[in-house]
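Coordinate-derived values only; no laboratory data. No experiment lies behind these values; they were computed from the predicted model shown. Positions of Cβ are generated from backbone atoms using ideal geometry, with glycine treated the same way; all protein chains shown enter the neighbour counts.
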Amino acid sequence: MCVAALALVMGAGALASTLNQVVPSTGGVAGHDYAYWLQRDWEFYFASPSQCQTATVGGQTVSLAESIGGGNSSCHMPAGHPIFVNSLSTECSTIPGHHNGWGTSKSQLQKCSRTVTEKARITEWLDGQRVPNFGRVFWKTVTQFSVNVPAGRFKGFNGGQVRAAAWGWSLLLKKLPKGKHTVRCRAFYPNGKLEFQDRITLYIS
């Protein structure tokens, strides 16, 4: 099981328009919805440890930035393109040690990916601006997908095709202005214990 955090945000000079860049939870970019981009982000994770990625779909470029396990990170990305923000999500796969004691059937992988994460009480800020209703409507499910994992990507795994499922919260942004941008994410269990916090700095040029 693995938890990811991905974040992108607006620069200080664009505070007034920060929330206007958020794609509605029922919308999408490059012809695809939130669940599609959540899956693409995890596919990148299985293929490479790089935190910063770019995908081209239907001739449109979409930038992705990722921070596995929280903490502070940064990415340099081109201006004028949509951005996927994987704020907090969990994957479970058929790779040994990646399903946290659950089985590897489709239903078991789905339960594994959401059982702990869905209990979190999550808040997201874009340059200090709280995203309204983030925890309530911006979660998505990726029921199952297959992906080829290169040899050496994970310790003790020789590579090959695996099945995985994912669940969690994310944002799609239409684009960001040039400059430095940051996002902060915090998630608590119902008992108030801090589960996760992340900060990503994005340099758009």
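Worth a mention:
- Spatial separation of Cα centroids for region 20-80 and region 110-171, in angstrom: 12 Å
- Cα-based reach from Lys111 at 20 Å (exclusive), listing lysines while leaving out same-chain residues under 8 positions away: Lys119, Lys140
- Cα pair distances of region 108-150 binned at 10 Å [whole percent]: 21, 40, 27, 13
- Region 38-194: C-alpha pair distances exceeding 28 Å, %: 22 percent
- Of all DSSP beta bridges confined to the chain, the antiparallel ones make up roughly 85%.
- Extreme residue, positive dipole direction of the chain, given options Gly159, Thr182, His32 (C-beta unit charges): Thr182
- The phi-based Karplus calculation (6.51 cos²θ - 1.76 cosθ + 1.60; θ = phi - 60°) puts the 3J(HN,Hα) values of region 40-49 at 4, 4, 5, 4, 4, 4, 5, 8, 7, x Hz, whole numbers, x for Gly and Pro.
- Taking the Cα centre of region 65-177 as origin and assigning +1 to Lys and Arg Cβ atoms and -1 to Asp and Glu Cβ atoms, the resulting dipole is close to 260 debye.
- Among Tyr203, Tyr45, Tyr36, a tally of other beta-carbon atoms within 10 Å of each Cβ gives an order, fewest to most, of Tyr203, Tyr36, Tyr45.
- Efficiency of FRET from Cβ geometry, Gln197 and Lys174, R₀ 22 Å, rounded to 0.05: 0.30
- Looking at region 42-84 alone, DSSP beta bridges between its own residues are antiparallel in about 75 percent of cases.
- Residues in region 59-64 carry Karplus couplings, in order, of x, 10, 8, 10, 9, 10 Hz; the curve used is 6.51 cos²θ - 1.76 cosθ + 1.60 with θ = phi - 60°, and Gly or Pro positions show x.
- Compared with the alpha-carbon gap, the fully stretched path from Ala47 to Asn133 is longer by 27.7 nm at 0.36 nm per residue.
- On the basis of the beta-carbon distance and an R0 of 25 Å, Asn20 and Asn72 show a calculated FRET efficiency of 0.45.
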